[in-house]
Every structure is written in structure tokens, then in C-alpha cells.
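Written below as C-alpha cells is the structure these notes are about.
Derivation of every value follows stated rules applied to the coordinates shown; laboratory data play no part. A quick note: this is a predicted structure, and the numbers were derived from the prediction, not measured. Neighbour counts are summed over all protein chains in view; Cβ atoms, including those assigned to glycine, are modelled from backbone coordinates with ideal geometry.
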Amino acid sequence: MPAPAPDLPIEKLEIKGLGDLPIAVHVAGKGRDLVLIHGYFSNAWTNWVRYGHAAKLVEAGFRVIMPDLRGHGESGKPHDVAAYPPDALTEDNLALVDQLGLTDYDLGGYSLGARTTTRMLARGAAPRKVILAGMGLRGLVQTLDNGGYYRNVLTNLGSFERGTSEWMTEAFLKTTKGDPVAMLHILNTFVDTPKEVIAGFMQPVEVVCGADDRDNGVAQELADVLPNGRYVEVPGNHMNAVTRKELGQAMVDFLTA
């Protein structure tokens, strides 16, 4: 994994996730606790540090806590399918909140990180404010809607025509040094969250999504279901909206309001 920028010192911690799996946690800054969870095939560095979002949040007064999901980044990547039961990612991140003693904190994620955040809320997590990025309603209530696409990519690596969506997805996997076996097993962890459960989340929630991103459904639909949801649009599609400075700024604006 590339080294973090020298102007953003990052402390490395390790917690024990479900089944005592080691979960790597990257922490930057001092101030109000903010847990940010990255997306599928990615890692904390790629989603939050590489494009300056973490630095912007640290500057705004946050202690940014960025776990690598199981199977990703510097966390454990077992190949045993038994290590990937339903809601395993949720269990890991609830354990993070517990083991770090977080009581007054904010919580958010991008794509699979947003789905994991939603599952944490459904399981009783109680952050002050919530960010659901790169996510629409469909991606939460029908979590395996894109499962066939990813299964196809992961089981046919090296066979896709340059420039196709599948080729670009495989290229991203290579960029993050992702483990294809672990990534396949991650699909087993997905759990749907019913619309009526989502409608019961009372926290202020920012739904922030790329203008051209429909990979997980329509973000506005998700914001409309949430009692205290608001939709913020940033430039880009699902793959590149996370690289835009507007994403980090939208997060800062919401969390500091």
C-alpha cells in the first residue's frame, strides 16, 4: 500500500473482528471521532487518504478512524468461506466501535462502506450524524443486485476487453492489490436492510453521490426514505466520484453544520 502523505501522520491500530480476525485500523488527527468505511475492492488509503478527504476532515477538527474491511487492505484475508458469514463486516465494525470505546461519534462510508454503515444502524449503532456515499436505495434493500457482475469479473480475470466495465473493475482490483478469493467470499456477507427499517433511522443523514452514479440505485430515493436525509450531488460516476475534492468538502460541510 502506498505510504500516506507526510503531512497526514497516520497511526495504525489493530482490533479483533468476528472470529478474532485481525482488522487493521488507520487513524489520523485529533478531535471528534469519525469512523469512515471504504468500498468493495478498495481500502482505507485509497478511499479516504489518497485523494485528500481524510486530510480535509482532520483540518476540520476530526479524528478520522478508517478500518480496512475484512478481506481488504491490511486486514485478515482468509480464504475459508466460513470466515465470511452474513453481516460479518457489520460485526467487525460494531466490534471496532466497542473496542475503541466510541460513544459520541459520527459514522459514514462509501458504497459497500455505506451498506455496512446502514447495517450497523440496523443493528443498533447510535452515531450522531451519518454519511451514506455512493449508495442508492436499491443497493441497500437488494444488496446482491450487482452480485452477478462481480462474480463474473472475479471468476474470469484476464479475459475482458480493454476499456470495458469489467476490464476497469479488474484494473481497480489490481491497483488495490485485492485478493480475488476473499472478494468472492465478501459477497456472502451481504444482508438486505428493509425499506421500513431504513425509514426508522432518525439521525441526520447525508446521502452524497456522483451525478452519473446509478450503480447502487438512485441516491435521491434513499434520501427521500430517510426522515432526516438530505441528498448532495458531486461530480462523477461510481468509480471516480470518490476521487473528487467535492466529496470531502460535502462531508466536512455536513458534519460541521
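Quickly work out the D253-to-N237 label distance, labels modelled 7 Å from Cα along the C-beta direction, and quote it in nm with one decimal.
Output for this residue pair reads 2.5 nm.
Tell me, which longest segment in the chain has none of the trypsin sites (Lys or Arg not before Pro) that fall in DSSP loops with at most 15 further Cβ atoms within 10 Å?
Here the longest segment lacking exposed loop sites spans 31-122.
Fewest Cβ neighbours within 10 Å first, please rank S75, S165, S111 accordingly.
S165, S75, S111
Along the Cα-to-Cβ line of T155, 7 Å from the Cα, sits a label point; which residues in the range 66-93 have backbone N less than 17 Å from it?
Of the residues in the range 66-93, 81 have backbone N under 17 Å from the label point off T155.
Based on the Kirkwood radius over alpha-carbon pairs, what value in µm²/s does the Stokes-Einstein equation return for the translational diffusion coefficient of the chain at 10 °C and 1.306 mPa s?
88
Of G108, A125, A82, which is farthest along the charge dipole of the range 28-143 in the positive direction, counting Lys and Arg as +1 and Asp and Glu as -1 at C-beta?
Going by the Cα projections, it comes out as G108.
So, in Å, what gap is there between the alpha-carbon centers of the range 119-141 and the range 155-187?
Comparing the Cα centres of the range 119-141 and the range 155-187, I get a distance of 26 Å.
What dipole magnitude, in Debye to the nearest 20, does the range 9-126 give about its Cα centre under +1 on Lys/Arg Cβ and -1 on Asp/Glu Cβ?
300
Under a 10 Å cutoff between Cα atoms, tell me which one of G178, G52, G148 has the largest fluctuation in the Gaussian network model of the chain.
G148
Dipole of the chain, Cα-centred, from +1 at each Lys and Arg C-beta and -1 at each Asp and Glu C-beta, to the nearest 20 debye?
Dipole of the chain, to the nearest 20 debye: 240 debye.
Can you tell which of L36, I10, A223 lies farthest toward the positive end of the dipole of the chain, using +1 and -1 charges on the Cβ of basic and acidic side chains (Lys, Arg; Asp, Glu)?
I10
Toward the positive end of the charge dipole of the chain, about the Cα centre and with charges on Cβ (Lys, Arg +1; Asp, Glu -1), which of G52, L140, Y150 goes farthest?
G52
Write down, largest first, the equivalent ellipsoid semi-axes of the range 143-257 in whole Å, where each equals the square root of 5 times an eigenvalue of the alpha-carbon gyration tensor.
29, 19, 12
Rank D80, D213, D224 by mean-square fluctuation in a GNM of the chain with C-alpha springs under 10 angstrom and give only the top-ranked residue.
Residue with maximal mean-square fluctuation among D80, D213, D224: D80.
Starting from the Cα-Cα distance between R214 and A82, subtract it from 0.36 nm times their residue separation and give me the gain in nm to one decimal.
Here the answer is 44.3 nm.
Decide, for the range 197-257, between rounded, prolate and oblate: order the square roots of the alpha carbon gyration tensor eigenvalues as a ≥ b ≥ c, take rounded if a/c falls under 1.5, and otherwise choose prolate if a/b is larger than b/c, else oblate.
In terms of gyration-tensor shape, oblate.
Distance from the Cα centre of the range 215-242 to that of the range 78-111, in angstrom?
First find each Cα centre; the distance between them is then 22 Å.
Explain nothing, just the number: relative contact order of the range 37-160, from Cα pairs under 8 Å at least 6 residues apart, as a whole percent.
Computed value for the range 37-160: 24 percent relative contact order.
Given the options N228, N47, N156, state which has the largest fluctuation in a GNM of the chain using a 10 Å cut-off (strictly under) for Cα springs.
N156
Spin-label point model (7 Å from Cα, Cβ direction): what's the M168 to D104 distance in nm?
Here the answer is 4.3 nm between the modelled labels.
With contacts defined as alpha carbon pairs under 8 Å and 6 or more residues apart, what's the relative contact order of the chain in percent?
20
Applying the Karplus parametrisation 6.51 cos²θ - 1.76 cosθ + 1.60 with θ = phi - 60° to the phi angles of the range 185-200, what ³J(HN,Hα) value in whole Hz is obtained for each residue in order, glycine and proline being reported as x?
5, 4, 4, 6, 7, 5, 10, 5, 10, x, 4, 5, 5, 4, 5, x
With a ≥ b ≥ c taken as the square roots of the eigenvalues of the C-alpha gyration tensor of the range 1-152, please select rounded if a/c is under 1.5 and otherwise prolate if a/b is larger than b/c or oblate if it is not?
Note, shape of the range 1-152 comes out rounded.
Which of rounded, prolate, oblate describes the range 130-189, given a ≥ b ≥ c as roots of the alpha-carbon gyration tensor eigenvalues and a/c under 1.5 marking rounded, otherwise prolate only if a/b is larger than b/c?
Prolate, because a/c is 1.5 or more and a/b exceeds b/c.
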